[in-house]
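Asks: For reference, the structure I am asking about is given below.
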Amino acid sequence: MSPAARTRQAWTAPDIDNQRWPREMFRIDAAELSQRLLGRRLVRILDGGERLSGRIVETEAYLGAQDLAAHCAGNRRTPRNESMYGPPGIAYVYFTYGMHHCVNVVCAEEGSPAAALIRALAPEEGLDRMRHNRTGPRRASPLRDHDLCSGPAKLCQALAIDRALDSADLVNGDRLFIEGADAGSLFEQAEIANAARIGVDSAGSWAKAPLRWYVKHCPHVSRD
DNA sequence: ATGACGATTTACT
DNA sequence: GTAAATCGTCATA
């Protein structure tokens, strides 16, 4: 389906190849990466080989030392956020609120902290396992598909992503990676919404910066 | 050693 | 709409 035709539909995943991203595709700034990730497939291979995946439909950019909403604001560097300073193409997984994990894709040059937060997926492979990971084996009514990965902590729970995957290499590793290596954006501008980031109200002037992107009319995003 | 906080989610009024 | 859950992490002492 052409991008133009897709704008008339509620949401259709764009065609992609199954090629993994090479390192150089991550050597870009976080805003660029955040947009380019949309439509690509995040793949998680569990111990034992089971494959879980979903299309990335919502992202946020955390730009670097100058970005007061970022964990690396003012070049703050601690054991927790060390991987933000690592080479492009690794994961930054952090733990927050005493119970949740979130996953970022580290980008830009090594030593220059920047990353794209993955905020939502349209789940593709392993939905039963995701449901189990999210709620356990028993539940009165099973979670609906659009409740599985519609938030940064939800998708980590669904895909079993935790601090063990912090700094995991998305280029050469075999536990977490991104597929769909065609160059450029997979969407027309009109198919993508751009808005302020979520949960960064205390970041002063940076709180309102439009650094969140999501696929319009997609039921799997965290919010519209 | 201590205290405050958090790139969230869920349940409840 | 509001509030609770829950604890690693970091700054301060």
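Asks: Quick check on my filter: what residues within region A:88-112 are of a type in the set (A, V, I, L, M, F, W, C), assigned to a loop (DSSP other than H, G, I, E, B) and surrounded by fewer than 23 Cβ atoms within 10 Å (Cβ to Cβ)?
Replies: Those that are of a type in the set (A, V, I, L, M, F, W, C), assigned to a loop (DSSP other than H, G, I, E, B) and surrounded by fewer than 23 Cβ atoms within 10 Å (Cβ to Cβ): A:MET99, A:ALA108.
Here is a yes/no grid of residues against (1) touching a strand residue (DSSP E or B) at 6+ places or on another chain (Cβ under 9 Å); (2) aromatic (Phe, Trp, Tyr); (3) within 16 Å of DNA strand C (Cβ to nearest atom):
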{"position": "A:ASP47", "(1), (2), (3)": "no, no, no"}
{"position": "A:LEU52", "(1), (2), (3)": "yes, no, no"}
{"position": "A:ARG55", "(1), (2), (3)": "yes, no, no"}
{"position": "A:GLU60", "(1), (2), (3)": "yes, no, no"}
{"position": "A:GLN66", "(1), (2), (3)": "no, no, no"}
{"position": "A:HIS71", "(1), (2), (3)": "yes, no, yes"}
{"position": "A:GLY74", "(1), (2), (3)": "no, no, yes"}
{"position": "A:ARG77", "(1), (2), (3)": "no, no, yes"}
{"position": "A:SER83", "(1), (2), (3)": "yes, no, yes"}
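Asks: Scan A:VAL103, A:VAL93 and give me the residue that is β-branched (Val, Ile, Thr), within 13 Å of DNA strand C (Cβ to nearest atom) and in contact (Cβ under 8 Å) with a residue 40 or more places away in the chain.
Replies: Just one listed residue meets the conditions, A:VAL93.
Asks: To continue, here is another question. Could you go through region A:39-48 and let me know if any residue there is at pLDDT 95 or above, within 13 Å of DNA strand B (Cβ to nearest atom), over 26 Å from A:CYS218 (Cα atoms) and surrounded by fewer than 16 Cβ atoms within 10 Å (Cβ to Cβ).
Replies: No, that holds for no residue.
Asks: Do you know which of the residues in region A:127-147 that are in a helix (DSSP H, G or I) and more than 27 Å from A:ARG212 (Cα to Cα) is farthest from DNA strand C (Cβ to nearest atom)?
Replies: Filtering region A:127-147 for residues that are in a helix (DSSP H, G or I) and more than 27 Å from A:ARG212 (Cα to Cα), the one farthest from DNA strand C (Cβ to nearest atom) comes out as A:ASP128.
Asks: Then there's this: Let me confirm something: among A:ILE56, A:ILE28, which residue is of a type in the set (A, V, I, L, M), surrounded by fewer than 22 Cβ atoms within 10 Å (Cβ to Cβ) and touching a Lys or Arg at 6+ places or on another chain (Cβ under 8 Å)?
Replies: A:ILE28
Asks: For region A:136-149, does any single residue satisfy the condition of being in contact with a strand residue (DSSP E or B) (Cβ under 7 Å, 6 or more places away or on another chain), within 11 Å of DNA strand B (Cβ to nearest atom) and not charged (D, E, K, R)?
Replies: Yes, because at least one residue in region A:136-149 is in contact with a strand residue (DSSP E or B) (Cβ under 7 Å, 6 or more places away or on another chain), within 11 Å of DNA strand B (Cβ to nearest atom) and not charged (D, E, K, R).
Asks: Can you find even one residue in region A:148-158 that is surrounded by 14 or more Cβ atoms within 10 Å (Cβ to Cβ), within 15 Å of DNA strand C (Cβ to nearest atom), among the polar types (S, T, N, Q) and not in a strand (DSSP E or B)?
Replies: So far as region A:148-158 goes, yes, one or more of its residues are surrounded by 14 or more Cβ atoms within 10 Å (Cβ to Cβ), within 15 Å of DNA strand C (Cβ to nearest atom), among the polar types (S, T, N, Q) and not in a strand (DSSP E or B).
The values are calculated or read from the model by the stated rules, or taken from the named source; none is laboratory data. Please read these numbers as outputs of a predicted model, since none were measured by experiment. Cβ coordinates were reconstructed from backbone atoms using ideal geometry, including for glycine residues, and neighbour counts include every protein chain displayed.
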